[in-house]
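Engineer: What follows is a single structure, and I will ask about it in a moment.
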Amino acid sequence: MTLSRRLVKHALFIASAISVAVSANARADELVVSAAASLTNAFKAVSEVFEQQHPGTKVLLNFGASDVLMQQIVKGAPADVFASADQKAMDKAAAEKVIVPATRKDFAANSLVLIVPTDSHFAPASLNELTSANVKRVAYGDPASVPVGRYTQGALQAAGVWDAVSAKAVLASNVRQSLDYVSRGEVDAGFVFSTDAAVMPDKVKVAMNVPTQTPITYPIAQVEGSRHAADAQAFINFVLSPAGQAVLAKYGFKPAH
């Protein structure tokens, strides 16, 4: 096992332990929403508006890699709503029977981008340029547990450069860690969602838009056995509503359809 993968596994373990501890401390009147890391800023804003419209409800947000959140729910961590950054993580949740299938809806779309530090002169015309000897380290989410990593792997495989680029990989435990690696100049380039790149315009810049094999869509669903089923459905309805969609749009998310 490479050092990079060991570090990711350790980070995933720590993140999982912390998130489970946070969820376990949720009060009885709190609605626990487990959401993909790329939704961090947008869902904080969504929750503020939702709470204003539902004064009796307090939303507790739990962010992380979609697969890690799914595993937390499978293992019994309290959660009422699950929002994933790709369909595969939600499919796994459905297979584990931890979501209510009828409540599953796609609520947002995103795109994949290659970013570099703002002071970088690397401006690739294609993904093939990542194979250059001048590019030493490339950050992206671990495809085994992070949706952005799966999209990245698919794009690199389609371009025929997966083997060469994966040899330079610095694996991240979630998309925001990939963003951090680039923003600190610890890697030459990194793959994130376009909405993540927009979070740090002073530290990273988009080097190119990356086509993906499948559309990047975000599904949301009520967790099976939720103690706050009515509030969970109300939150999902708000996310899908024009008001919720307007908040998501402010953070760069596109409509799912």
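The values are calculated or read from the model by the stated rules, or taken from the named source; none is laboratory data. Keep in mind that what you see is a predicted model, and the values were worked out from it rather than measured. No Cβ is skipped: glycine too gets one built from the backbone with ideal geometry, and neighbour counts run over all protein chains shown.
Engineer: Could you check segment 48-69 and list, in sequence order, the residues that are more than 14 Å from residue 33 (Cβ to Cβ) and not in a loop (DSSP other than H, G, I, E, B)?
Structural biologist: First, the residues of segment 48-69 that are more than 14 Å from residue 33 (Cβ to Cβ): 52-53, 55-56, 65, 67-68.
Passing the criteria: 52, 53, 67, 68.
Engineer: Do we have residue 219 as touching a residue at least 24 places away in the same chain (Cβ under 8 Å) and surrounded by fewer than 17 Cβ atoms within 10 Å (Cβ to Cβ) here?
Structural biologist: Details: touching a residue at least 24 places away in the same chain (Cβ under 8 Å): yes; surrounded by fewer than 17 Cβ atoms within 10 Å (Cβ to Cβ): no.
Spelling it out, it is not the case that residue 219 is touching a residue at least 24 places away in the same chain (Cβ under 8 Å) and surrounded by fewer than 17 Cβ atoms within 10 Å (Cβ to Cβ).
Residue by residue, here is whether (1) without any contact (Cβ under 8 Å) to a residue 40 or more places away in the chain; (2) assigned to a strand (DSSP E or B); (3) aliphatic (A, V, I, L, M) holds:
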{"position": "186", "(1), (2), (3)": "no, no, no"}
{"position": "192", "(1), (2), (3)": "no, yes, yes"}
{"position": "196", "(1), (2), (3)": "no, no, no"}
{"position": "202", "(1), (2), (3)": "no, no, no"}
{"position": "207", "(1), (2), (3)": "no, yes, yes"}
{"position": "213", "(1), (2), (3)": "no, no, no"}
{"position": "233", "(1), (2), (3)": "no, no, no"}
{"position": "237", "(1), (2), (3)": "yes, no, no"}
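Engineer: In segment 169-183, how many are assigned to a helix (DSSP H, G or I) and farther than 15 Å from residue 84 by Cα?
Structural biologist: Final tally of qualifying residues: 7.
Engineer: Something else now. Being part of a strand (DSSP E or B) and either at pLDDT below 95 or among the acidic types (Asp, Glu) (or both) is the filter here; which residues of segment 103-147 pass it? Show your work before the answer.
Structural biologist: Of the residues in segment 103-147, the ones part of a strand (DSSP E or B) are 105-110, 112-117, 138-141.
Of everything in segment 103-147, just one residue is part of a strand (DSSP E or B) and either at pLDDT below 95 or among the acidic types (Asp, Glu) (or both), namely 106.
Engineer: Can you go through 183, 173, 178 and tell me which one is in contact with a Pro (Cβ under 9 Å, 6 or more places away or on another chain), among the hydroxyl-bearing types (Ser, Thr, Tyr) and either within 30 Å of residue 135 (Cβ to Cβ) or in the same structural domain as residue 47 (by TED's automatic domain parsing) (or both)?
Structural biologist: 183
Engineer: For segment 99-127, name all the residues that are within 18 Å of residue 192 (Cα to Cα) and of a type in the set (S, T, N, Q).
Structural biologist: Hits for segment 99-127 are 110, 111, 118, 120, 126.
Engineer: Only one of these conditions is not met by residue 209: (1) modelled with pLDDT under 95; (2) exposed (fewer than 14 other Cβ atoms within 10 Å of the Cβ). Which number is it?
Structural biologist: Of everything listed in (1) modelled with pLDDT under 95; (2) exposed (fewer than 14 other Cβ atoms within 10 Å of the Cβ), residue 209 misses just condition (1).
Engineer: For residue 204, are the conditions met, namely being surrounded by 21 or more Cβ atoms within 10 Å (Cβ to Cβ) and in contact with a Ser or Thr (Cβ under 8 Å, 6 or more places away or on another chain)? Step through it out loud before you land on a result.
Structural biologist: Numbers: surrounded by 21 or more Cβ atoms within 10 Å (Cβ to Cβ): yes; in contact with a Ser or Thr (Cβ under 8 Å, 6 or more places away or on another chain): yes.
When the stated conditions are applied, residue 204 passes them.
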